[in-house]
Amino acid sequence: PPPLDPAPGLADLERLVAATADAGVRVEVRWTGERRPLPPEIDLSAFRIVQEAVTNVVRHARVPACRVTIGFGPEELTVLVEDDGTGGTPGAARDGGGFGIVGMRERASLLRGELVAGPRPEGGFRVAARIPTRSAAVPAVAG
């Protein structure tokens, strides 16, 4: 039978933070702007982007901590995950497998947003997403 639990959202970040600490990486979460309810598809996608980015930190960054910043702007949500690691590019570019960054980029794109990921000039890695909060997902094409 299908699971009956509600889909996760940004309200579930503390649970993700706890699980990540159990894996050996502390996550500092910062909130900017006025927090407000989000459409379910944006809330879920933002959570999944953070989840994948933090998973990449745990697997590839070789650091004890990372930072997650969730920003509520007037018409957009921003998600920023940064680390100071030395593990190189996470995901497919490193080990030949996985679609983490591609999947995060697709999640943002489906909501008319954008995601960029790559090494930081000062070292480490950054995942930055911007998702408009007033737009609907791109409609599916029939046929």
Using a 10 angstrom cutoff on alpha carbons, build the Gaussian network for the chain and name the most mobile of E122, E41, E82.
-> E122
Full-extension gain in nm, D5 to T133, via 0.36 nm per residue minus C-alpha separation | 43.6 nm
Inter-part distance where the stretch 1-25 and the stretch 31-62 are each reduced to a Cα centre, Å = 11 Å
Value of relative contact order over the chain, rounded to a whole percent, pairs C-alpha under 8 Å and six or more apart | 22 percent
If contacts are Cα pairs under 8 angstrom and at least 6 residues apart, what is the relative contact order of the stretch 7-69 in percent?
-> 52 percent
Stretch gain in nm, segment R48-E114, where the contour uses 0.36 nm per residue and the Cα spacing is subtracted = 22.3 nm
Which of the following values of Cα Rg over 2.2 N^0.38 Å was calculated from the structure shown: (1) 1.12; (2) 1.05; (3) 1.18?
-> (2)
Where does helix 100-110 land angle-wise versus the long Cα axis of the chain, in degrees 0 to 90, nearest 10?
-> 20 degrees
Determine the per residue accessible area of the chain with all protein chains present and a 1.4 angstrom probe, expressed in square angstrom.
-> 58 Å²
Using the beta-carbon distance between T69 and E106 and R0 = 30 Å, what value does 1/(1 + (r/R0)^6) give for FRET efficiency, to the nearest 0.05?
-> 0.85
Among V81, V63, V102, whose mean-square fluctuation peaks in a Gaussian network model of the chain (Cα, cutoff 10 Å)?
-> V102
Based on DSSP, what percent of beta bridges with both residues in the chain are antiparallel, to the nearest 5?
-> 70 percent
Counting only the backbone N, which residues of the stretch 35-63 are under 19 Å from the spot 7 Å out from the Cα of T86 toward its beta-carbon?
-> 57-63
Cα gyration tensor of the stretch 3-87 diagonalised, 5x eigenvalues square-rooted, in angstrom largest first, produces semi-axes 23, 16, 10
On the accessible surface of the stretch 1-95, probed at 1.4 Å, how many percent belong to carbon and sulfur atoms?
-> 53 percent
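The values are calculated or read from the model by the stated rules, or taken from the named source; none is laboratory data. Keep in mind that this is a model prediction, so the values were computed, not measured. In this analysis, Cβ positions are derived from the backbone assuming ideal geometry, glycine residues included, and neighbour counts consider all displayed protein chains. The accessibility values were calculated without ligands, DNA or RNA, using every heavy atom of the protein model including side chains. Shrake-Rupley method; radii C 1.70, N 1.55, O 1.52, S 1.80 Å.
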